[in-house]
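For reference, the structure discussed in these notes is given below.
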Amino acid sequence: MFDGLRNNRALRRITDTWFWEDLYDAVSDLVRSRSVWVFVGNAGTFACALAALVYFWSRPLSFAGCAVVQLVCLLCQAVALIPVVWPAPAATPRDVAGLSDLHQGMTVATVCGSWIFGVLPGAGLLTFLDVDPDGPRWAAVFLSGTALMMACVAGLITATAVSGTVVARRRAAAGPPGGSDWGDSADADSGGSDGD
């Protein structure tokens with residue numbers, strides 16, 4: 001039995017030092033990358049909406065509770081906006097546009113996926129089970145879906161409004177009009193996709 005474990009390539013691979021060094025490098029590059037904030041913010045928005053659904057499933061809604069859920073979802077979307085609003089100092093206009101596209105794609109996927117695979121089937125299931133429409137379950141589904149949707153829409157509007165300004169500022173800082181444009185130079189390709 002131990003000979004089989006000793007001769008197993010996959011098990012031998014994870015005991016080598018280079019395996020853990022490569023894994024550490026990959027994880028640290030991911031954590032230091034600004035694009036990870038887009039994923040963290042959108043995952044946080046979804047998790048907050050899901051927590052609100054669970055919390056209010058058997059409790060009556062209150063104005064303060066709705067306000068807290070909406071505020072926390074907006075804060076999570078603000079985290080997702082960090083790379084678009086404050087790109088790395090060396091970020092090029094192409095990097096900023098790429099981060100803005102990443103934010104837009106992830107946020108649209110979050111809100112559409114939540115409604116298509118969560119809110120609408122949940123409402124259909126509650127209708128099928130003949131749950132009281134005035135009860136807390138309907139209110140919980142409506143609150144969580146609406147809070148997530150409003151936060152994501154606010155994030156998309158903010159990203160669209162801010163990214164153009166940030167790109168214009170980066171182009172202005174790139175140099176004189178006759179010089180090379182950062183958006184089209186080879187430095188943009190070699191500098192990484194998110195300006196890190």
**Message:** Could you work out what % of the accessible surface of segment 78-146 is carbon and sulfur, using a 1.4 angstrom probe and leaving DNA, RNA and ligands out of the count?
**Reply:** 73
**Complete:** In whole Hz, the Karplus estimates of ³J(HN,Hα) for segment 41-53 (6.51, -1.76, 1.60; θ = phi - 60°; x where Gly or Pro) are x, 6, 5, x, 4, 5, 5, 5, 5, 5, 5, 5, 4
**Asked** When the Karplus curve 6.51 cos²θ - 1.76 cosθ + 1.60 is applied with θ = phi - 60°, which whole-Hz ³J(HN,Hα) does each residue of segment 54-59 get, with x for Gly and Pro?
**Response** 5, 5, 8, 4, 10, 10
**Request:** Rank by packing, highest mean first: peptides 158-164, 39-45, with packing defined as the count of other Cβ atoms within 10 Å averaged across residues.
**Result:** 39-45, 158-164
**Prompt:** For segment 36-86, rounded, prolate or oblate, judged on the Cα gyration tensor with a ≥ b ≥ c (square roots of eigenvalues), a/c < 1.5 rounded, else prolate if a/b > b/c?
**Reply:** oblate
**Complete:** Shape call for segment 112-153, from the Cα gyration tensor axes a ≥ b ≥ c (a/c under 1.5 means rounded, otherwise prolate when a/b beats b/c, else oblate), comes out oblate
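The values are calculated or read from the model by the stated rules, or taken from the named source; none is laboratory data. Quick caveat, the model's predicted, so the values are computed rather than measured. Positions of Cβ are generated from backbone atoms using ideal geometry, with glycine treated the same way; all protein chains shown enter the neighbour counts. Remember, those area values only see protein heavy atoms, side chains included, never the ligands or the DNA or RNA. Shrake-Rupley method; radii C 1.70, N 1.55, O 1.52, S 1.80 Å.
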